[in-house]
1. Before we move on, is Thr24 touching a Lys or Arg at 6+ places or on another chain (Cβ under 9 Å), of a type in the set (Val, Ile, Thr) and open to solvent by less than 100 Å² (accessible area, probe 1.4 Å)?
2. Please indicate, with yes or no, whether at least one residue in the stretch 5-14 is in a loop (DSSP other than H, G, I, E, B) and either open to solvent by 50 Å² or more (accessible area, probe 1.4 Å) or acidic (Asp, Glu) (or both).
3. Pull up the stretch 27-50, narrow it to residues that are modelled with pLDDT under 95 and in a strand (DSSP E or B), then point me to the one that is least open to solvent (accessible area, probe 1.4 Å).
4. Between a residue in the stretch 66-94 that is part of a loop (DSSP other than H, G, I, E, B) and any residue that is open to solvent by less than 100 Å² (accessible area, probe 1.4 Å), which pairs come within a Cβ distance under 8 Å, given they are 6 or more apart or on different chains?
5. Could you look through the stretch 73-93, keep only residues that are open to solvent by 100 Å² or more (accessible area, probe 1.4 Å) and of a type in the set (Phe, Trp, Tyr), and pick out the one that is nearest to Pro63 (Cα to Cα)?
6. Which numbered condition in (1) more than 19 Å from Asp20 (Cβ to Cβ); (2) out of contact with any Asp or Glu (no Cβ under 9 Å at 6 or more places or on another chain); (3) surrounded by 10 or more Cβ atoms within 10 Å (Cβ to Cβ) is the only one that Val69 fails?
7. Where residues in the stretch 51-60 are over 15 Å from Ile3 (Cα atoms) and open to solvent by less than 40 Å² (accessible area, probe 1.4 Å), which of them is nearest to the chain's Cα centre (by Cα)?
8. Which ones in the stretch 66-94 are modelled with pLDDT under 95 and acidic (Asp, Glu)?
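The values are calculated or read from the model by the stated rules, or taken from the named source; none is laboratory data. Given the structure is predicted, the values throughout are model-derived calculations rather than measurements. Methodologically, a virtual Cβ is constructed for each residue, glycine included, from the backbone with ideal geometry; neighbour enumeration extends over all protein chains shown. The area values use the complete protein model at the heavy-atom level, side chains included, leaving out ligands, DNA and RNA. Shrake-Rupley method; radii C 1.70, N 1.55, O 1.52, S 1.80 Å.
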Amino acid sequence: VPITPDEAVLGAKIEVPTPDGAVTVNIPAGIRSGQSLRLRGKGWPKPKEGRGDQMVKISIVPPKDLTPVEREYYEKINAARTFNPRSNLQQIRL
């Protein structure tokens with residue numbers, strides 16, 4: 001399921017399709033692309049076992065085209081950011 005960067009950072013409630021129709025899923029704040037969420041009992045029916053679980057894999061999708069306002073906000077976030085996701089790479093010698 002694709003989500004936006006702000007939904008990944010802040011968390012969100014989104015609609016996810018299931019075999020029985022859409023359900024609302026809580027996306028936890030700080031989720032990473034590639035993580036999966038389990039929807040218990042929302043998968044396809046299994047003979048003699050009832051419903052299986054549905055796994056929802058998260059994909060964070062950045063916008064391709066930004067409005068001027070969106071670009072301004074992303075630039076402000078960039079300027080104020082304290083988190084460095086590559087900090088552990090500074091210790092690696094190749």
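1. Values: touching a Lys or Arg at 6+ places or on another chain (Cβ under 9 Å): yes; of a type in the set (Val, Ile, Thr): yes; open to solvent by less than 100 Å² (accessible area, probe 1.4 Å): yes.
Yes; evaluated as a whole, the condition is true for this residue.
2. Looking through the stretch 5-14, none of the residues is in a loop (DSSP other than H, G, I, E, B) and either open to solvent by 50 Å² or more (accessible area, probe 1.4 Å) or acidic (Asp, Glu) (or both).
3. In this case the residue turns out to be Gly50.
4. Leu66/Tyr74
5. Tyr73
6. (3)
7. Of all residues in the stretch 51-60, those over 15 Å from Ile3 (Cα atoms) come to 51-55.
Filter once more, keeping what is open to solvent by less than 40 Å² (accessible area, probe 1.4 Å): 52, 54.
Working: Gly52: 22, Gln54: 16 Å.
Filtering the stretch 51-60 for residues that are over 15 Å from Ile3 (Cα atoms) and open to solvent by less than 40 Å² (accessible area, probe 1.4 Å), the one nearest to the chain's Cα centre (by Cα) comes out as Gln54.
8. Of everything in the stretch 66-94, nothing turns out to be modelled with pLDDT under 95 and acidic (Asp, Glu).
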